[in-house]
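Have a look at the structure below before the remarks.
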Amino acid sequence: MSAASNQAVLPADPMAALASADVQRQAARMAQDAFGRVFRLTLEADEAGRREGVAALVEAMRNWAQAGGADEAGALRLAMLLAGADQWGLAWSRAFGLTAIPGLTELVGALRTGLDAQADARFLQQFEALGAREECAIDFKVELRRGIHLALWHSAIAAEDRDEALRLAGQLGGLMLALVREMPVAGWRLLADALAHIQIRCLTEGLASEGIAQEATQALFGALSRELPADCRDAVMAHSTQAVLAWQRASRPSDTLH
């Protein structure tokens, strides 16, 4: 990544007219919640319980997508939900060596079942457009990636075994580096956002202050510093630092006299 691309301005989101920033962030959070639920169902429920739980999730997600309308806006909502759930599944499978997550497979398949030919065509158009350009549904992508990155970091710092903690930190680092390659204009910003939120969690909750958790976090930051191109690394670190400082300023009690 060049210094010029670091400073490139991301074009306006062409999907904002169909889904506002708030709707996009809600889609990312719903996808995260759905993945968490189907993952627990896969681990803890019997087959009947899993299918019942997945069916309830499908209904709730379908209803939310349909609330956007029967045209492109509703199709985009559905596309974000499926794309988000799929990204969670991919990240978790790679990090934990999972060959299959049955509940997720059932969820993704069921969400598209029942679409007529026109609705399916609209869905496919929005799904493909979502991944075609970085700026498409950018608020969705920021929220989605932040959730995935923070969840993997929490898994790393919660590990009791040092090798497992460092392995998960390495998986997270690899995911972050791939993001920068996949999104040459906006990727570094998403990475900076995630690092800022990790630092804020450390400050507010006293996380990763010692032991294995601290070592895993330091290993993550160290690997990114080594592996990112210098200009990209500098932009990421400066942006994340500015975000943390802004949060600290906003968190301080006002000195204004009344």
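A compact table of results
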item: Residues A12 and Q218, FRET efficiency given R0 of 35 Å [Cβ-Cβ distance, rounded to 0.05]; result: 0.40
item: Paramagnetic reach from D46 in segment 86-121 [backbone N under 16 Å; point 7 Å along Cα→Cβ]; result: none
item: At most 15 other Cβ within 10 Å, DSSP loop - GluC sites (Glu not before Pro), segment 99-200; result: E160
item: Accessible area expressed per residue, segment 17-132, with surrounding protein chains retained (probe 1.4 Å, Å²); result: 50 Å²
item: 12 Å cut-off, amide nitrogen to a point 7 angstrom out along A60 Cα→Cβ, residues in segment 110-140; result: none
item: Which of W64, W247 is most accessible, then next, and so on - probe 1.4 Å; result: W247, W64
item: Heavy-atom accessible surface of the chain: percent carbon and sulfur, 1.4 Å; result: 53 percent
item: D234-L203 FRET efficiency (beta carbon distance; Förster radius 30 Å; 0.05 resolution); result: 0.85
item: Shape call, segment 148-254: gyration tensor on alpha carbons, a/c limit 1.5; result: oblate
item: For Rg/Rh (Cα atoms, Kirkwood Rh), calculated from these coordinates, the label among (i) 1.19; (ii) 0.95; (iii) 1.00; result: (iii)
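The values are calculated or read from the model by the stated rules, or taken from the named source; none is laboratory data. In this text the structure is predicted, and so the values were computed from the model without any measurement. Backbone-built Cβ (ideal geometry, glycine too); neighbour counts: all protein chains shown. We work out accessible area using only protein heavy atoms, side chains counted, and drop any ligands, DNA or RNA first. Shrake-Rupley method; radii C 1.70, N 1.55, O 1.52, S 1.80 Å.
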